[in-house]
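Asker: Have a look at the structure that comes next, please.
The values are calculated or read from the model by the stated rules, or taken from the named source; none is laboratory data. Since we're looking at a predicted model, the values are computed, not measured. Cβ: placed from backbone, ideal geometry, glycine included. Neighbour counts: every protein chain shown. Ligands, DNA and RNA are stripped out before the accessible areas are found, and what is left, the full protein with its side chains, is counted by its heavy atoms. Shrake-Rupley method; radii C 1.70, N 1.55, O 1.52, S 1.80 Å.
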Amino acid sequence: MTAEFDPVTIPFIGASVETDIADADLVVFGAPHGTPYRDIDNEPFANAPDTLRRALEEDARWLDHWDFDLGGPLLGDGKFSVADAGNLRTSPLDGDGNRHLIRQATTQIINGGAFPLMIGGDDSTPIPFIEALEPHGPITIIQIDAHIDWRDERRGEPMGFSSTMRRASEMDHIENIIQVGIRGVGSARRAEVEFARHWGAKIV
């Protein structure tokens, strides 16, 4: 069984909606929802993938210009194809189903020989995505965020957006976690900070 995507009208920067994902080097897809918390509305994240696509639309005309961080054009000098598969049909209230869809899509892309690039979505969408990256391990995660996301559970839910790095730390293929921009007062309590540092997370 293969993952199904809703097509998009504005593709991610540098991507084509015409390229078959089986022929691409990198495949972008949106995952609007992850695992919800009880009494916290997950619906506002539905538009996040398309909002990012729209924000980058104008920059697509600069793809052949020099990127000084990369030392060349953004997509390189060779033939490198990027496909935008569209958005997964996630649901704001179906955490189990959403995680299954994300793992399925990521695995499908990897098995097809491409590298997956997922656009969330709430902060819990990376949990199944990181799980599915196991064939590419060992992996270093660089998280840019205000919060460290090391809660073991919140409101009885261990797979929500406060637990993303905690769940990632439990995966055998995760070698390092580097967290940059941490500043939110509501990010963590002493127990989470000490647990993260004991695991070896580098918090900046």
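Asker: For segment 22-58, name all the residues that are over 24 Å from Ser163 (Cβ atoms), under 21 Å from the mean Cα position of the chain (by Cα), of a type in the set (D, E, K, R) and open to solvent by 30 Å² or more (accessible area, probe 1.4 Å).
Answerer: Once the filter is applied, which keeps residues that are over 24 Å from Ser163 (Cβ atoms), under 21 Å from the mean Cα position of the chain (by Cα), of a type in the set (D, E, K, R) and open to solvent by 30 Å² or more (accessible area, probe 1.4 Å), segment 22-58 yields Asp25, Asp50, Arg54, Glu57.
Asker: Still on this model: Restricting to segment 112-123, name every residue that is outside any strand (DSSP E or B) and either modelled with pLDDT of 95 or more or in contact with a strand residue (DSSP E or B) (Cβ under 6 Å, 6 or more places away or on another chain) (or both).
Answerer: Once the filter is applied, which keeps residues that are outside any strand (DSSP E or B) and either modelled with pLDDT of 95 or more or in contact with a strand residue (DSSP E or B) (Cβ under 6 Å, 6 or more places away or on another chain) (or both), segment 112-123 yields Ala114, Gly121.
Asker: Output the number of residues of segment 65-77 satisfying the condition of being among the charged types (D, E, K, R), open to solvent by 80 Å² or more (accessible area, probe 1.4 Å) and either at pLDDT 90 or above or in a helix (DSSP H, G or I) (or both).
Answerer: 1
Asker: Hey, another quick one. Restricting attention to segment 179-202, and to residues there that are of a type outside the set (Lys, Arg) and open to solvent by 50 Å² or more (accessible area, probe 1.4 Å), which single residue is nearest to Thr35 (Cα to Cα)?
Answerer: Gly186
Asker: Can we say Phe80 is open to solvent by 40 Å² or more (accessible area, probe 1.4 Å) and modelled with pLDDT under 90?
Answerer: yes
Asker: Please enumerate the residues belonging to segment 166-178 that are open to solvent by 70 Å² or more (accessible area, probe 1.4 Å) and either within 18 Å of the chain's Cα centre (by Cα) or of a type in the set (S, T, N, Q) (or both).
Answerer: Glu170, Glu175
Asker: Would you point out the residue of segment 88-109, among those that are assigned to a loop (DSSP other than H, G, I, E, B) and open to solvent by 40 Å² or more (accessible area, probe 1.4 Å), that is nearest to Phe5 (Cα to Cα)?
Answerer: The residue in question is Arg89.
Asker: What's the number of the only condition in (1) surrounded by fewer than 16 Cβ atoms within 10 Å (Cβ to Cβ); (2) of a type in the set (A, V, I, L, M, F, W, C); (3) out of contact with any helix residue (DSSP H, G or I) (no Cβ under 6 Å at 6 or more places or on another chain); (4) more than 24 Å from Asp50 (Cβ to Cβ) that Ala146 fails to meet?
Answerer: (4)
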